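A short write-up of the structure that comes next.
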Amino acid sequence: MKKLYKLMALGALSALTLAACSDASSVATDEGETSAEEKVIQDQLGRDVTIPNDVERIVVGGILPYFSTWYVGTNSTEEVVGLHPNAYNAAENSMLANISPEILDASTDFVKNGEVNIEELMKVDPQIYFENSSDEKTLEKVAEAGISTVGLQTIQVADADPLATFNSWLKITSDIKGGEVTERADRFIEEGEKVQTMIDEGLTGVEDTEKPRVMFLHRHSDKSIIVGGANFFSEKWIKATGGTDIVGDDGVEGQKEVNMEQIYAWNPDIIYITNFTETQPDDLLNNSVSGQDWSEVQAVKDGNVHKVPLGIYRWFPPNGDAPLMLKWMAQINHPEVFDYDINEEIKNYYSDFYEYELTDEDVDSILHPSSDAAKY
């Protein structure tokens with residue numbers, strides 16, 4: 001397997017040095033000229049975006065994880081004055097709420113019935129509005145109000161690689177805030193490379209027949225079962241940690257709604273449940289989901305059902321705890337190979353990268369997140 005970080009290292013390490021800068025003279029752009037107080041960056045739609053040199057107020061819309069990337073890059077959430085309600089639920093149940101509690105001061109009032117309300121958005125006076133690049137309607141709507149908009153890609157980046165995606169967002173953050181972000185980003189990239197190398201070396205000699213058959217339950221209720229397939233974050237996590245992606249390998253792309261008959265046909269050895277659903281492992285292990293019988297699924301029989309952790313943010317999409325996600329999954333997929341103490345690994349990581357000392361209770365809350373973090 002090619003190392004998960006190869007593309008990330010080649011692209012992100014060089015790109016981080018290209019942050020746009022401005023001086024006392026004006027800068028020519030396709031839309032005119034910027035003032036001495038402004039500069040031009042390029043977002044992930046390839047658009048030139050004029051922003052202030054000193055950005056102090058940002059709003060994060062439907063690109064839900066980005067607020068945590070901002071923190072990882074800048075060591076601050078004071079600038080985040082607005083946050084999508086679906087992201088706020090994760091934030092208030094994350095360790096970031098303890099490390100940088102200013103994130104809880106962010107307003108969610110600018111989202112009404114799932115749509116951006118420009119009048120409410122203007123009340124928080126953002127200098128930049130971040131949005132998923134696929135939501136062109138919102139990007140245009142906010143830009144028409146005179147607010148600089150930055151489009152960020154998700155699964156389009158590096159073939160749905162969550163780690164490369166995260167680092168591409170750090171590159172944008174570096175363009176906006178400058179050198180200190182670049183230095184912090186380099187450390188995260190290096191750590192990710194180191195962890196992936198450790199996993200690859202540990203899996204040397206492990207045959208495909210020895211790899212567990214893994215499934216991600218992405219969204220779930222008694223009325224709907226949605227799994228993650230190929231060209232989605234689930235595929236990357238599974239293959240990077242020595243698993244077999246039974247959903248993606250069966251031809252399922254992205255997210256797909258399935259029935260229990262399909263679950264029986266796949267019969268996964270391990271099930272991971274994301275933080276985008278309120279479902280907990282006990283719901284499957286106790287077979288308590290109305291209208292669904294999980295008792296005959298191998299992962300349930302073996303008690304091998306796991307809720308994806310939530311630390312600085314949800315661990316499933318791009319996030320600053322990605323090296324920990326790799327270690328956590330690798331140990332579950334191959335406990336006979338990876339015998340480190342994951343609790344200590346988490347403590348050491350937070351101490352090194354966030355300068356925050358976790359308690360045992362903190363670690364437990366990361367590894368067993370509340371269903372409240374998934375409420376919409």
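The values are calculated or read from the model by the stated rules, or taken from the named source; none is laboratory data. Every value quoted in this text rests on a predicted model; they were computed, and no experiment measured them. In this analysis, Cβ positions are derived from the backbone assuming ideal geometry, glycine residues included, and neighbour counts consider all displayed protein chains.
Collect the residues in the range 317-335 that are in contact (Cβ under 8 Å) with a residue 60 or more places away in the chain and under 16 Å from residue 185 (Cα atoms), keeping them in residue-number order.
Once the filter is applied, which keeps residues that are in contact (Cβ under 8 Å) with a residue 60 or more places away in the chain and under 16 Å from residue 185 (Cα atoms), the range 317-335 yields 318, 319, 320, 322, 323.
Counting only strands (runs of 3 or more DSSP E) wholly contained in the range 140-229, the ones carrying 3 or more residues that are under 19 Å from residue 69 (Cβ atoms) and either touching a strand residue (DSSP E or B) at 6+ places or on another chain (Cβ under 6 Å) or outside the structural domain of residue 119 (by TED's automatic domain parsing) (or both) occupy 148-152. Scanning the range 212-230 for residues that are of a type in the set (A, V, I, L, M, F, W, C), more than 21 Å from residue 200 (Cα to Cα) and in contact (Cβ under 8 Å) with a residue 60 or more places away in the chain turns up 216, 217, 225. When 102, 79, 131 are checked against the criterion of being touching a Lys or Arg at 6+ places or on another chain (Cβ under 9 Å) and either within 23 Å of residue 182 (Cα to Cα) or modelled with pLDDT of 95 or more (or both), 79 stands alone in meeting it. Restricting 205, 251, 243 to those that are crowded, with 16+ Cβ neighbours inside 10 Å and not aliphatic (A, V, I, L, M) reduces the list to 243.
Please verify whether residue 160 is surrounded by 14 or more Cβ atoms within 10 Å (Cβ to Cβ), under 22 Å from residue 85 (Cβ atoms) and small (Gly, Ala, Ser), treating the condition exactly as stated.
Here the answer is no, as residue 160 does not meet what is asked.
Evaluated against (1) part of a loop (DSSP other than H, G, I, E, B); (2) charged (D, E, K, R); (3) within 17 Å of residue 87 (Cα to Cα), residue 131 falls short on exactly one condition, (1).
On inspection, residue 372 passes the criterion of being modelled with pLDDT under 95, out of contact with any Leu (no Cβ under 8 Å at 6 or more places or on another chain) and either farther than 26 Å from residue 243 by Cβ or of a type in the set (D, E, K, R) (or both).
Taken as a whole, the structure places residue 207 among residues that are of a type outside the set (Phe, Trp, Tyr) and out of contact with any Gly (no Cβ under 9 Å at 6 or more places or on another chain). Select from the range 254-267 the residues that are among the aliphatic types (A, V, I, L, M) and in a helix (DSSP H, G or I) and write down the one among them that is surrounded by the fewest Cβ atoms within 10 Å (Cβ to Cβ). In this case the residue turns out to be 265. Looking only at residues in the range 129-139 that are of a type in the set (Ser, Thr, Tyr) and in contact with a strand residue (DSSP E or B) (Cβ under 8 Å, 6 or more places away or on another chain), the one that is surrounded by the most Cβ atoms within 10 Å (Cβ to Cβ) is 129. Please tell me if residue 120 is over 20 Å from the mean Cα position of the chain (by Cα) and modelled with pLDDT under 95. The answer is no for residue 120.
Under the condition of being within 24 Å of residue 207 (Cβ to Cβ), over 22 Å from the mean Cα position of the chain (by Cα) and in contact (Cβ under 8 Å) with a residue 12 or more places away in the chain, the residues counted in the range 231-267 number 6.
For the range 256-277, give me each residue that is closer than 16 Å to residue 317 by Cβ and modelled with pLDDT of 95 or more. Within the range 256-277, 272, 273, 274, 277 qualify.
Just for the range 274-312: of the residues that are acidic (Asp, Glu) and within 25 Å of the chain's Cα centre (by Cα), which one is surrounded by the fewest Cβ atoms within 10 Å (Cβ to Cβ)? So, considering only residues that are acidic (Asp, Glu) and within 25 Å of the chain's Cα centre (by Cα), the one surrounded by the fewest Cβ atoms within 10 Å (Cβ to Cβ) is 282. Note on the range 45-70: residues that are more than 25 Å from residue 100 (Cβ to Cβ) and touching a residue at least 40 places away in the same chain (Cβ under 8 Å) total 4. Within the range 357-369, being crowded, with 16+ Cβ neighbours inside 10 Å and either hydroxyl-bearing (Ser, Thr, Tyr) or assigned by TED's automatic domain parsing to the domain that holds residue 93 (or both) holds for one residue alone: 365.
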